[in-house]
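What follows is a short report on a single structure.
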Amino acid sequence: MLQATNLSIIFGSRILFDNVTFTIQPRDRIGLVGRNGVGKSTLLKAINGEISAQEGNISKPGGYTIGFLKQEIRDQNEPTVWLEAQTAFKEINILQEELDKIQHQLETRTDYETDDYMNLSQLFCDINDRLVHLDIDDKDKKTELVLLGLGYQREDFEKAPSTFSGGWAMRLELSKLLLQNPDLLMLDEPTNHLDIESIIWLEEFFQKYEGAIILVSHDKTFLDNVCNKTIELELGKMYEYKANYSKYCILKEERREKQLATFENQQDQIKQIERNIERFKAKASKAKFAQSLVKKLDKMDIVEVEQDDVRSMRFQFPMSQQSGKVVVTAKNLAKNYGEKQVFHDVNLEIERGDKVAFIGKNGMGKTTMAKIIAKELDATSGDLTIGHNVSTAFFAQHHAEHLPKELTILQYMEDTAPNEVRAQVRNILGSFMFSGDDATKKISVLSGGERARVCLAHLLLNPSNVLILDEPTNHLDLRAKDVLKDAISKYPGTVIVVSHDRDFLVGLTEKTFEFKDGVVKEHVGDVNAFFEERRVANFREVELSPQNSQQSIVNGQQKKVTTAPINKVDDKEAKQLKIRFLKLKKKLASKNLISRN
């Protein structure tokens, strides 16, 4: 059990936490929630002993172990993915060597009655208990299980970690932590780099995990499926709920309603007491009574209504000159990395004003296609034509990881802003909640969500007519996601969004391009229309549907499944008509002339 008592952490003049107390029990599954910058990552670092609180303390039993998945990737120096994963067993190897040495001493010494011998025996038992807890058997089998579960293929095991992207490096770090089996597992945004299939595997892994878990995540479904407790950080205070995320939202609202009702009742009492004081204070016969009312008022504990942090981003993407009607045309496009073919024979067309989504499992080529359209990569073969007057703004998935950490936010923005925009940088940063002293914070101290906001602010420095956004909701809190979605909806230009986030995509796009097994297929409508076409309700069912697996498990037996054919819209004119209808419907909904549903 880990316990924090009267914990206070202050950065400059800002109070992150004030006098918070909490306990982490074995097998607790805690969702740590709160908006970006509220201090979630800071709290995890305090629990891990990386920073010290100004007041209060954190206590834990001797030998208590903590595994911490941070947003920053550590160095991975082993020559292969397999060997890097097995560095998780470093503690086991050291303990096993120590146990062997002690066993040899116990077998050769004869001073059985001495305190030294008894202490050595106790140390042997303690180390052996620790090894039993770590479950040292079948290290290879466990390594394979975890790597496969998190999306690696067997042929990847002998590849160098450096040959993979940052997202895969994060998966490797997560693999090592799961194999270490710590008493407390702390994960800061673990799903940002996982596809749905890997998230499902992780949820199932956590159901059997014996230790405690703290999750920082903006994935509501993941929090609901894993957590049995929610801790909210807001305006320096901590609120604890014995519930998953969805239930927490209901309980929070109920608590605030009761609190508001109590506050209003007390205010009525106070007004009545004040009226009586005013009424009787001038009467000699009632002076003592008036004094007693004053004392009663002084002793009253005033009910306070918790204040929500209502700050929010507010911005619109600037539009450049209008592009030609056809923005992107791909004919027989293919991309290979060495001998690996990512996709082939891709034919697609994106027109001015289209809002499209690229969806599919990791590694299927969504980001690659986005980079090709943004002219950051070349196709291996085929033709890609970018239309007339097209100017592109590209939000790269890992851009936040490569921001210049030595600069302040303001310095970075001013250094990269065109001359005519430099005078507006302060206002742009204010729109992204970096006002006053916040704009002069160094990038090195920013949270993942704050860095994502810096990258979004950077897009506003150069007007464009095509936005390409690769996983833009990673690290953003729920309120920031809503603001971003609204800004995209109001943007008159063309938008391409790469995302696994269904809540974000719903109602946002008119075309959906599915990347699967080297093929890119177009579906008319938003992500919900795609689900309807696939006859599934959500991304999870897409990943686990018989159409993907070709088999299902029925009463423990594998059974072949016949799936209904996908409805195809082959007529280009019919597609365009449907898209025009969807755009018109969205435009009318934005003016509140019809319902969005």
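The values are calculated or read from the model by the stated rules, or taken from the named source; none is laboratory data. These numbers come from a predicted model, not from an experiment. Heads up, the Cβs are rebuilt from the backbone with ideal geometry, glycines too, and the neighbour counts pull from every protein chain shown. The protein model used for the area step is the full one, side chains on, heavy atoms only, and it has no ligands, DNA or RNA in it. Shrake-Rupley method; radii C 1.70, N 1.55, O 1.52, S 1.80 Å.
What to note about this one:
- Charge-dipole axis of the range 316-414 as Lys and Arg at +1 and Asp and Glu at -1 on Cβ define it, positive-most pick from HIS398, ALA334, GLN411: ALA334
- Cβ charges +1 (Lys, Arg) and -1 (Asp, Glu), total dipole of the chain, debye: 3540
- On the beta carbon distance between ARG255 and TYR64, with R0 = 45 Å, the FRET formula returns roughly 0.90.
- Counting only DSSP beta bridges with both residues in the chain, the antiparallel share comes to about 55 percent.
- Surface composition of the range 2-72: carbon plus sulfur atoms hold 45% of the accessible area, using a 1.4 angstrom probe and ignoring ligands, DNA and RNA.
- Annotation: amide H of PHE395 within the under-5 Å range of ILE468, LEU469, ASP470, sequence separation 5 or more or interchain, hydrogens built in the peptide plane.
- Compactness of the chain as Cα Rg over 2.2 N^0.38 Å, two decimals: 1.16
- Per-residue accessible area (protein heavy atoms, 1.4 Å probe) orders THR110, THR65 as THR110, THR65, starting from the largest.
- Taking a ≥ b ≥ c as the square roots of the eigenvalues of the Cα gyration tensor, the range 381-518 is classed as prolate, since a/c reaches at least 1.5 and a/b is larger than b/c.
- Among the listed pairs LYS70/LYS258; LYS176/LYS229; LYS229/LYS405; LYS340/LYS490, those beyond 32 Å (Cα-Cα): LYS70/LYS258; LYS229/LYS405; LYS340/LYS490
- Length-normalised contact order of the chain in % [C-alpha pairs under 8 Å, at least 6 apart]: 14
- As a length-normalised measure over Cα pairs under 8 Å and 6 or more apart, the relative contact order of the range 287-440 settles at 24 percent.
- A protection proxy built from the mean count of other Cβ atoms within 10 Å ranks the segments 83-96, 484-497, 9-22, most packed first, as 484-497, 83-96, 9-22.
- Neighbour cut-off at most 14 other Cβ (10 Å), DSSP loop, trypsin sites (Lys or Arg not before Pro), the range 331-414: LYS375, LYS405
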